[in-house]
Every structure is written in C-alpha cells, then in structure tokens.
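Each remark here refers to the structure printed beneath this line.
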Amino acid sequence: MTVGEMAERVEISHRTVRYYDDEGLLPARRSAGNYRLYGEDALARMMTIRRLKPLGFTLEEMRKVLALLDAASAPSSATDPDRPQLLERLVELEADVRQRREKLEEHVAGADEIIASLRPLLP
DNA sequence: CTTCTGACA
DNA sequence: TGTCAGTA
C-alpha cells in the first residue's frame, strides 16, 4: 500500500507516516516511481506506534521497543543464547507500560473531576 | 489525482 | 504536524 492508503488505514496523517518512515521506524520499499510501498508488517508496526504514542513514548523509545519486539518474535530468538536477557527486557517493558497506564488513569480521573466540577455550574 | 523532497511556521 | 512549491 502507498502512504495515503497506510495513513487512511491507521488514521494518522500521511505527513506523520512519512515522518516515521524517514525516522526509520517503518519497513518500506520503493516503487519504480520512488513511491513508498508498505506491507501488512509495516501496518502492524504503525499500529504499535500509534498505541505507544499516547503512553508518552518518544520516537527513540519506540525505536527500542520495536527492536525488542522484533527480536522477541524472531524465529531465531528461541535458540538465542541471550534469551534470558531478552525475556528480562520484555518484563521491564511490561512494567514500564503498566506504569504509564497508571499515569493515564490519573489523567482520566482528573478529567472526571473537571467534569464533576462543571456539573453544578450548568443549567 | 497521488506522492516526493525540502522548507517554513 | 500542516502546508506550500515544483516534480515525476
């Protein structure tokens, strides 16, 4: 699929997709006319990025997360001599995401309070 | 019409 | 991240 298609499918502006691509976060090929071409794999990555963003991950952090996920899902990871360290990092990532999730909940609670404070002011 | 790159806001 | 320009 082209950038426009990708952008539409993940509901992110084509400008942003292009930016992530330029930053090396997406696996893309080029058409004869130099158009970016993406596969389902790129789409899956884009979705992961979309979920990471609201958690506050920076592009650099996303780069690491994606690399870790790739390494963990690679067929060779089963025999990788560093399997323990890989699992270790996955555990750390999970803890990190859990912590960010908590932060989001606090934000939601804050929004609820604002809403509640508005209620008595409205007709 | 869509995408590309680079630049500016 | 949006938009504008000039292309392919």
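The values are calculated or read from the model by the stated rules, or taken from the named source; none is laboratory data. Since the structure is predicted, the reported quantities are computational estimates derived from the model, not experimental observations. Reconstructed Cβ throughout: ideal geometry from the backbone, glycine too, with neighbour counts over all protein chains shown. Ligands, DNA and RNA are excluded from the accessible area calculation, which covers all protein heavy atoms including side chains. Shrake-Rupley method; radii C 1.70, N 1.55, O 1.52, S 1.80 Å.
Of note:
- Using a probe of 1.4 angstrom and keeping all protein chains present, the accessible surface of chain A works out to 70 square angstrom per residue.
- When you filter the chymotrypsin sites (Phe, Trp or Tyr not before Pro) in the stretch A:7-41 for DSSP loop state and at most 16 other Cβ atoms inside 10 Å of their Cβ, you are left with A:35.
- Highest-first packing order for the peptide set A:108-121, A:51-64 is A:51-64, A:108-121, based on the mean count of other beta carbon atoms within 10 Å.
- For the pair residue A:53 and residue A:94, the difference between a 0.36 nm per residue extended length and the Cα-Cα distance amounts to 13.2 nm.
- For chain A, diffusion coefficient by Stokes-Einstein and Kirkwood Rh (Cα), 20 °C, 1.002 mPa s, µm²/s: 126
- The stretch A:3-121 - percent of accessible surface contributed by carbon and sulfur, probe 1.4 Å: 54
- For the stretch A:43-100, alpha-carbon Rg and Dmax in angstrom: 12.0, 34
- Positive contributions from Lys and Arg (+1) and negative ones from Asp and Glu (-1), summed over other residues with Cβ under 13 Å from the Cβ of residue A:14, come out at -1.
- What the Cβ-Cβ distance of residue A:72 and residue A:114 gives, at R0 = 25 Å and to the nearest 0.05, is a FRET efficiency of 0.05.
- Inter-probe distance in nm under a simple model that places probes 7 Å from Cα toward Cβ, at residue A:31 and residue A:63: 2.9
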